[in-house]
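Right, one structure below, let's go through it.
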Amino acid sequence: MNPVSALPQSSITADDLSGVGQPWQRDLSRAIRTSAELFKRLGLQPEQVAGGLADDEIRGFPVLVPESFLARMRPGDPTDPLLLQVLPRQEERETVDGFVTDAVGDLHARRAPGILQKYHGRVLLIAAGACAVHCRYCFRRDYPYSAEPHRLDDWEVSLRAIEGDGDVQEVILSGGDPLMLNDQRLEQLCRRIEQIPQIERVRIHTRLPIVLPSRVTESLTGLLTGLRPQVVMVVHANHPAEIQGDCRDALRRLVAAGLPVLNQAVLLRGVNDSLAALEGLSRSLINVGVMPYYLHQLDRVSGTAHFEVSEELGRRLITELQARLPGYAVPKYVREIAGDSGKTPVFSG
Ligand SMILES: *Cc1c(COP(=O)(O)O)cnc(C)c1O
Ligand code: SF4
């Protein structure tokens, strides 16, 4: 999960997107890119949406919503939980104490170009700066993607650094969204990682199966199941209404291919800060074979304060979830504290 004002000039080059004609690439090119279009398609008047921002007021991180995600919103509902995740609002422009650009200390964790390491045994590789959706609460919306490597050759220095570190067992492909790379680029990167003897796992942090389900093709699952390292998929859905139709089918395809699939969600005001939403999310996930992994306390990134839910409410919600669901359906409620050796439990019951 993650990007910047540098998102538009992301690390995806025209070349990476070659092979256009893939249905998912066509779906991406047809995504909605303005608030005005979003309102029109949902039958909403801008004044119905509290603090909705006009397109010319949004700088650097414009509206981006694939049709598939739009199709899962309720028309005419200005409080739709999917809409609220992607709709720019006035509050984004407010400066709030404690909300800063690099809230999770990413810039201090940069070990080599495109590589962040905060925790033992695993490194995070910023594989692509772009995403298929722009989530307004994104914690890496201000990450300087344009400064990171774009091509496999540019990665070489960083991959050698991983090679020279016998303690690293897992490479996490993140971004942006690593599945924004086309299959050819993704395969090149994965094959190179596969050559590093001590790498046991490749983890893919992606929102594409949720927001652009057509990305989950047979050639993608074939690529991911054909690697020597075990691939682990971590998707990102926040509300049960996301797990429907083509998204549910895409998750089933990943699971049917034999890939472990986990979900991380962010606790978001107005989106999933209720027992009904969190319970529904967990049930929708486990019923397609996806395991709830983390529920993240919002990282305090500038422009996202209006999404914050108190930890007190978060703890209460998790307690209620524990009373209602099988143990494996309850995500770990965590927050990221810069400098800690792993995600920090906000609550473990
Ligand atoms: C969150 C994060 C990870 C993954 O942590 P897990 O607890 O293994 O899921 C790895 N690296 C960085 C830099 C992270 O922020
Ligand atoms: S999918 Fe959303 S939260 Fe994840 S990196 Fe992209 S914009 Fe950020």
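The values are calculated or read from the model by the stated rules, or taken from the named source; none is laboratory data. Being a predicted model, the structure only gives us computed values, none of them experimental. Cβ: placed from backbone, ideal geometry, glycine included. Neighbour counts: every protein chain shown. Note: accessible area is taken over every heavy atom of the protein model, side chains too, but ligands, DNA and RNA are not part of it. Shrake-Rupley method; radii C 1.70, N 1.55, O 1.52, S 1.80 Å.
When the alpha carbon gyration tensor of segment 121-232 is reduced to an equivalent ellipsoid, the three semi-axes, largest first, read 22, 18, 12 Å.
Across q = 0.15, 0.17, 0.20 Å⁻¹, segment 54-200 modelled as identical point scatterers on its alpha-carbon atoms has Debye log10 I(q)/I(0) values of -0.88, -1.03, -1.22, in the order of the q list. Annotation: amide H of GLU308 within the under-5 Å range of ARG269, sequence separation 5 or more or interchain, hydrogens built in the peptide plane. Averaging the sequence gap over all C-alpha pairs within less than 8 Å and six or more residues apart, then dividing by the number of residues, gives segment 222-349 a relative contact order of 23 percent. Working from Cα pairs under 8 Å separated by at least six residues, relative contact order for the chain is 19 percent. Which value does Rg/Rh take for segment 166-291 over its C-alpha atoms, Rh per Kirkwood? Rg/Rh for segment 166-291 comes to 1.00.
Lys/Arg Cβ at +1, Asp/Glu Cβ at -1, dipole of the chain taken about the Cα centre: which of PHE39, LEU179, LEU125 is farthest positive-ward? My answer, from the dipole projection, is LEU179. Projecting the Cα positions of GLY280, LEU64, GLY51 onto the charge dipole of the chain (unit charges on Cβ atoms of Lys, Arg, Asp and Glu, taken about the Cα centre) puts GLY280 furthest along the positive direction. Treating each Cα of the chain as an identical point scatterer and summing with the Debye formula, the log10 of I(q)/I(0) at q = 0.09 Å⁻¹ comes to -0.45. Across all directions, the average projected area of the convex hull around the alpha carbons of segment 292-341 is 4.3 nm². In the chain, the DSSP beta bridges split such that about 25 percent are antiparallel, to the nearest 5. With the helix formula -39500 (n - 2.57) applied to DSSP H stretches of n ≥ 4, the chain reaches a computed 222 nm mean residue ellipticity of -8000 deg cm²/dmol.
Hey, got the dipole for the chain? About the Cα centre, +1 on K and R Cβ, -1 on D and E Cβ, debye to the nearest 20? Let's see the in-between values first.
On the way: 39 positive and 44 negative charges, 143 e Å.
Taking the Cα centre of the chain as origin, the dipole is about 680 debye.
Kindly provide log₁₀ I(q)/I(0) values, in the same order as q = 0.13, 0.22, 0.24 Å⁻¹, from the Debye equation applied to equal alpha-carbon scatterers of segment 263-349. Reported log10 I(q)/I(0), two decimals: -0.39, -1.08, -1.25.
Classify segment 28-138 as rounded, prolate or oblate, taking a ≥ b ≥ c as the square roots of the eigenvalues of its Cα gyration tensor: rounded when a/c is under 1.5, otherwise prolate if a/b is larger than b/c and oblate if not. Working shown, then result.
Working: a/c = 2.63, a/b = 1.79, b/c = 1.47.
Prolate, because a/c is 1.5 or more and a/b exceeds b/c.
Note that segment 38-105 presents 47 Å² accessible area per residue, ligands and nucleic acids not counted, probe 1.4 Å. This model, with +1 at the C-beta of Lys and Arg and -1 at the C-beta of Asp and Glu, gives segment 122-270 a dipole about its Cα centre of some 480 debye.
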